[in-house]
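The values are calculated or read from the model by the stated rules, or taken from the named source; none is laboratory data. Just so it is clear, the structure is predicted and the values come from calculations on it, not from any experiment. In this analysis, Cβ positions are derived from the backbone assuming ideal geometry, glycine residues included, and neighbour counts consider all displayed protein chains. SASA here: full protein model, heavy atoms, side chains in, ligands and nucleic acids out. Shrake-Rupley method; radii C 1.70, N 1.55, O 1.52, S 1.80 Å.
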Amino acid sequence: MSKSVAIIGTRGYPSYYGGFETAVRRLAPFLAENGWDVTVYSRPDGVKEDDPQVDLRVQSVLTKGIETKQLSTLSYGLTSTVHAAFKKPDVALIMNVANGYFLPLLKVRGVPTILNVDGIEWERAKWGEAARKLFRQGARASAITANYLIADSKEIKRRWENKTHRKLEFIPYGGDEPGDLPIPAEGQSGKYALLVARFVPENTIGPFLDAARTIAKTHDVILVGSAGYTDPIEDKIRRLVDDSPRVTWLGHISNDEHLHGLWQNAGVYFHGHSVGGTNPALVQAMACSTPTVARDTVYNREVLDDAALFVEPNGSDIADACLRVLNDPELREKLGAKAFARSRSHYSWEQVCADYEALLEHAIESGSRHITF
């Protein structure tokens, strides 16, 4: 008899929005291939239902919610959890502490729960005080109710364990080794600076845009991403593009081959994420052998080790480091090779998916027993 798992808290399957969605696109087919009955709860406008690579063995269940920045995660989390509690899978994998409020619905049905805590959401600048309070309280609810907790970085694991006295499992994100990809039409191989990010303050978007004005005097700059919701940062980007003909903004890219090709052929990639943990975009860039300049944070140093140049979050330092890499072919090759080697030794999807499956199986065997230190 096959084992069943419900995956709750992402935009669904298949979706290309962010880190959780990337993980589900790899994990759900992996589990289905290994005989699991997999259900992924999805938002109607969050999935690419006509994706030719969709695994039809994965069941995508659309639920209703309120599509606003403040209420979407909570509302879709509630309707998904109610449906899952009624269906009663063998185990539930929940993404994001905002869904911690609804774990008792699964607990009363005897469904073991594993929750990925993501980053420290209440430290993200994009959230107002009310939202930060909501995430803090959701984290407390998760720590009390979830049977197992997952952190995607060792630093997040350390902080959570010190604060909650709960044991967390460490399972990071993975990256795909892409093989040789064609040079993208937007730039010459090794000649452009690349940013791939959601356009929110904690990803150092403003300082990079300042740096881009300097970089674009001699090199092309390609921006990939969007704010997700209406935001003044996109107006600033439009002005930059209008003023600087060597700056190109491609918006959000859902085609993996296109995105991986941009990473693989970049002269330098700037990774400005400052909160969260192990970032899936960074891990994938490493798997593409991308020479990287990164904002100096404990999370980025954990992932990259010595495979990058680290900078402070200001336009001058970012521009200087990016131009140094762009103008030094030997340094580009050295950084790219180190990044690729580290991605294969620490961040492969094969190992990540195997670790998730092992924890899911362990949760089923343990039942709804609460796990602590």
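Tell me what the chain gives for mean residue ellipticity at 222 nm when only DSSP H runs of n ≥ 4 count, each as -39,500 (n - 2.57), the sum divided by the residue total, rounded to 500 deg cm²/dmol. Can you show the working numbers first?
Working: 13 runs with 160 residues, N = 373.
It comes out at -13500 deg cm²/dmol, rounded to the nearest 500.
Apply the Karplus curve 6.51 cos²θ - 1.76 cosθ + 1.60, θ = phi - 60°, to the phi angles in the range 186-194 and return the couplings in whole Hz, x for Gly and Pro.
Whole-Hz 3J(HN,Hα) from phi for the range 186-194: 7, x, 8, 4, x, 10, 10, 8, 10.
With unit charges on the beta carbons (Lys and Arg positive, Asp and Glu negative) and the dipole taken about the Cα centre of the chain, which residue among I94, H346, T290 sits farthest to the positive side?
Of the candidates, I94 comes out farthest on the positive side.
Please label the shape of the range 53-116 as rounded, prolate or oblate, based on the square roots a ≥ b ≥ c of the eigenvalues of the alpha-carbon gyration tensor (a/c under 1.5 means rounded; beyond that, a/b larger than b/c means prolate, else oblate).
Details: a/c = 1.66, a/b = 1.04, b/c = 1.60.
The shape class here is oblate.
In what sequence, highest mean first, do 214-221, 282-289 appear when ranked by Cβ atoms within 10 angstrom? Each step should come with its number before you reach the end.
On the way: 214-221: 19.1, 282-289: 26.1.
Highest to lowest by the protection proxy: 282-289, 214-221.
Given Cβ point charges of +1 (Lys, Arg) and -1 (Asp, Glu) and nothing else, what value in debye, to the nearest 20, does the dipole of the chain about its Cα centre take? Display every interim value, and only then the final one.
Values: 43 positive and 47 negative charges, 276 e Å.
Around 1320 debye, computed over the chain.
Note down the relative contact order for the range 230-373 as a percent, whole number, built from C-alpha pairs under 8 angstrom at least six residues apart.
Working: 141 pairs, mean separation 29.0, N = 144.
In percent, rounded to a whole number, it is 20.
Over the chain, what relative contact order in percent results from Cα pairs under 8 Å that are six or more residues apart? If you can, show how the numbers build up before the last one.
Values: 750 pairs, mean separation 61.3, N = 373.
The normalised contact order for the chain reaches 16 percent.
Angle between the Cα long axis of helix 154-164 and the longest principal axis of the chain, 0 to 90 degrees, nearest 10?
The helix 154-164 is inclined about 40 degrees to the chain.
Given a 1.4 angstrom probe, I'd like the percentage of the accessible area of the range 69-209 that is carbon and sulfur, rounded to a whole number.
Details: 3160 of 5660 Å².
That share works out to 56 percent.
Rounding to the nearest 10 and keeping the result within 0 to 90°, find how far the Cα-based axis of helix 256-265 lies from the longest principal axis of the chain.
Once rounded, one gets 40 degrees.
Compute the separation of the alpha-carbon centres of the range 205-229 and the range 282-336 and state it in Å as a whole number.
After rounding, the separation between the Cα centres reads 15 Å.
Enumerate the calculated ³J(HN,Hα) couplings along the range 73-90 in order (Karplus 6.51 cos²θ - 1.76 cosθ + 1.60, θ = phi - 60°), each rounded to whole Hz, writing x wherever the residue is Gly or Pro.
4, 5, 5, 5, x, 5, 5, 5, 5, 4, 5, 5, 4, 5, 6, 6, x, 5
Amide H of T248 versus every other amide H placed in the peptide plane: which residues, excluding those fewer than 5 positions away on the same chain, fall under 5 Å?
Here V221, I222, L223 satisfy the definition.
Based on the Cα atoms of the range 1-109, what semi-axes does the equivalent ellipsoid have, where each is the square root of 5 times one gyration tensor eigenvalue, given in whole Å with the largest first? Write out the running numbers ahead of the final one.
Details: eigenvalues 80, 66, 22 Å².
The answer is 20, 18, 11 Å, longest axis first.
Here is the link list: K48/K236; K133/K154; K3/K157; K87/K167; K107/K167; K191/K334. Which ones come out longer than 21 Å on Cα distance? Please report the intermediate quantities before stating the final value.
Values: K48/K236 29 Å; K133/K154 24 Å; K3/K157 28 Å; K87/K167 29 Å; K107/K167 19 Å; K191/K334 16 Å.
Listed pairs above 21 Å: K48/K236; K133/K154; K3/K157; K87/K167.
What is the angle, in °, between the Cα long axis of helix 129-145 and the longest principal axis of the Cα atoms in the chain? Nearest 10 is fine, range 0 to 90.
50 degrees
Of S348, S142, S254, which has the largest mean-square fluctuation in a 10 Å C-alpha GNM of the chain?
With Cα springs under 10 Å in the chain, the top fluctuation among S348, S142, S254 is at S254.
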